[in-house]
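Only one structure is covered here, and it is reproduced in the block below.
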Amino acid sequence: MFSLAPIFTDHLLLQRNKNIAIFGNGTPGEQITVSIPERNLSAICTVAINGKWRVTLPSTGAGMNCTLTASSTENHYVFSDIAFGEVWLAGGQSNMEFMLQNEKYGQAELEKCEESNVRYFQVPRNTFQDEAYEADLEKACWELPSKETAGTWSAAAYLAAKELAEQLGVTVGIIGCNFGGSSVSCWLPESDLEDISAGHAYLEDYQRETEGKTDEEMIAEYDEYLVYYEQWSKKMEKCYREDGNMSWDEIIRRCGENKWPGPMGIKSPYRPSGMYHAMLQPILPFTLAGVFYYQGENDDHRPDTYETLLRQLVLRWRTDFENDNLPIVLVQLPMFAYADTPENASWSKIRLAQYRVFHFMREMGLVVALDQGEFGNIHPINKHAIGHRLALQAAYLSYGLSAESAFGPLMQSFTPEAHGVKVFFSNAKDGLEFHGEPELFELAGSDGIYYSAQAEIDGNAVYLTSTEVVNPTAARYAWRNYGAVTLYGKNGIPVAPFIIHW
């Protein structure tokens, strides 16, 4: 008997105007017929020797009220309320996972969400492939927007989809494939981590932390941790209810050790490649419009290798989704720091890596989110600006919006001048503006020591000087984990951070 991949359910949204992949598992040699009768689409295939099957249906335009049928001599499936529109995958970690019900204006959005033309499929966040995992996949389904369903949807992705649906006049679907606290290494197969040196440290960490342990021991160890962490979390929540500004040191003193993310092993969701196999592979190669990807926070301990791994993720996902030009929009990390965290510019390095992947790879978008951080809160609760900028980037990549409208200013070129440098920006034909007094501009000389610089706007450029650097050879802006964001385009989107040398 055959089955379809878990993403094929009632209320399914299929990508318009592209050939459509329908796939699943079955008995080798079994013949399967798939059809969408309302569109006169049908195809026949035979299950391969490896138990996999797949058909490709011809492209068709947007629309609703269709039926998907799949049948063989052994069994038969009928899925109702099928629609065609735009499908975007929402990948990454906790800021993409951040739920609409917890968003600053989320309750107001939930009150009116039934009016939105958005659908949502959440890949289960269960990464240990046991019976419970299979049951979670079985229960997963496409959801229509309502106060009861949409509260757990990604706030940023929903807000982007809602805006796109309004602009395009078609249904927009989101596939949630994200997990809080995940490293980029969680979303790549072992072969990729083995083939590039940037992945070796993650594999070596896993080997070192699990050496000598049996599978049974790793499972028992992680189960014990889950019991501890559930109790610890309740204590922590009680502390924050008493005092929302309680320091982390005081939390630890009252609650005990924070053992998150728990012991590494085969049951840890944070093991290298775990989410790739458990969450991404079950939906491959579903036909997409593109990907929204918001991740990087949990790789700040290795910021210098993040660019290489992010590049590989782009290549891998494009290969796996069978589209070498699949649009991918990155959300650049915002400003963030805890009060007791020393400034080390690790988030600046992650932002630079994200910018370079955007800049040097084709069909990429970049949401500059520098101004959307919160001091002391790694999960900013207002996702409206993120959602809007995601929609702008999607419209730029796929729906004809100009770069000038989709982006804030991006550093384009520079001209060293006497005792300073003039930095020119693209997407700034209407000029630039300061929000507050200019901050976080710096110059350095040949000694490599940076000093604060004065900044003056000159059309689409900023002229930087410093009384402490007579002959500058380098400049940078917003090279901080956290600081004031002051330079913007006229469209309200901040300038992306930059660092230049000459």
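The values are calculated or read from the model by the stated rules, or taken from the named source; none is laboratory data. This is a predicted model, so every value here is computed, not measured. Every residue, glycine among them, receives a Cβ derived from its backbone with ideal geometry; neighbour counts consider all protein chains shown. Calculation scope for accessible area: heavy atoms of the full protein, side chains included, ligands and nucleic acids excluded. Shrake-Rupley method; radii C 1.70, N 1.55, O 1.52, S 1.80 Å.
Descriptive notes on the structure:
- Between the helical axis of 215-242 and the longest alpha-carbon principal axis of the chain there is an angle of about 60 degrees.
- Pairwise inverse Cα distances across segment 328-418, averaged and inverted, put the Kirkwood hydrodynamic radius at 14.6 Å.
- From the Kirkwood radius over Cα pairs of segment 73-206, Stokes-Einstein at 20 °C and 1.002 mPa s returns a whole-number translational diffusion coefficient of 128 µm²/s.
- Taking label positions 7 Å along the Cα-Cβ direction at both S413 and A484, the computed distance is 3.2 nm, reported to one decimal.
- For segment 1-55, the fraction of C-alpha pairs farther apart than 14 angstrom is 55 percent.
- Taken over segment 223-289, the ratio of Cα radius of gyration to 2.2 N^0.38 Å equals 1.59.
- Legend: distances between Cα atoms for K112/K139; K213/K259; K104/K147; pairs beyond 21 Å are K112/K139.
- In range of the label at A345: residues from segment 448-470 whose backbone nitrogen is under 19 Å from the point 7 Å along Cα→Cβ: 448-455, 464-470
- Among beta bridges that DSSP assigns inside the chain, antiparallel share in %, nearest 5: 70
- Linear extension gain, H200 paired with E363, 0.36 nm per residue minus alpha-carbon span: 55.9 nm
- Normalised per residue, the volume of the convex hull around the Cα set of segment 110-182 (Å³): 91
- Taking only the alpha carbons of segment 66-134, we obtain Rg and Dmax values of 17.0, 52 Å in that order.
- Taking only Cα atoms of the chain, radius of gyration then Dmax in Å: 24.3, 82
- Debye log10 I(q)/I(0) for segment 397-452, one point scatterer per Cα, at q = 0.13 Å⁻¹: -0.50
- Label-point gap, in nm, between I49 and S402 - each point 7 angstrom along Cα→Cβ: 5.7
- Heavy-atom surface analysis with a 1.4 Å probe gives the chain a carbon and sulfur content of 48 percent of its accessible area.
- Computed over protein heavy atoms with a 1.4 Å probe, the accessible surface of the chain works out to 43 Å² per residue.
- Cα→Cβ-extended label distance, 7 Å offset, between Q207 and R254, nm: 4.4
- Solvent-free Debye scattering, log10 I(q)/I(0), computed from the Cα coordinates of segment 209-348 at q = 0.16, 0.18 Å⁻¹: -1.15, -1.21
- Histogrammed with a bin width of 10 Å, the alpha carbon distances of segment 418-493 distribute as 20, 50, 26, 3 percent, first bin at zero.
- I251 sits with roughly 0 Å² accessible to a 1.4 Å probe, with DNA, RNA and ligands left out of the calculation.
- Bins of 10 Å, starting at 0 and running to the largest distance - Cα pair percent for segment 12-94: 17, 45, 28, 9, 0
- Helical runs assigned H by DSSP (4 residues or longer) give the chain a calculated mean residue ellipticity at 222 nm of -8500 deg cm²/dmol, each run adding -39500 (n - 2.57) before division by the residue total.
- Its alpha carbons considered, segment 348-502 gives a radius of gyration followed by a Dmax of 15.7, 48 Å.
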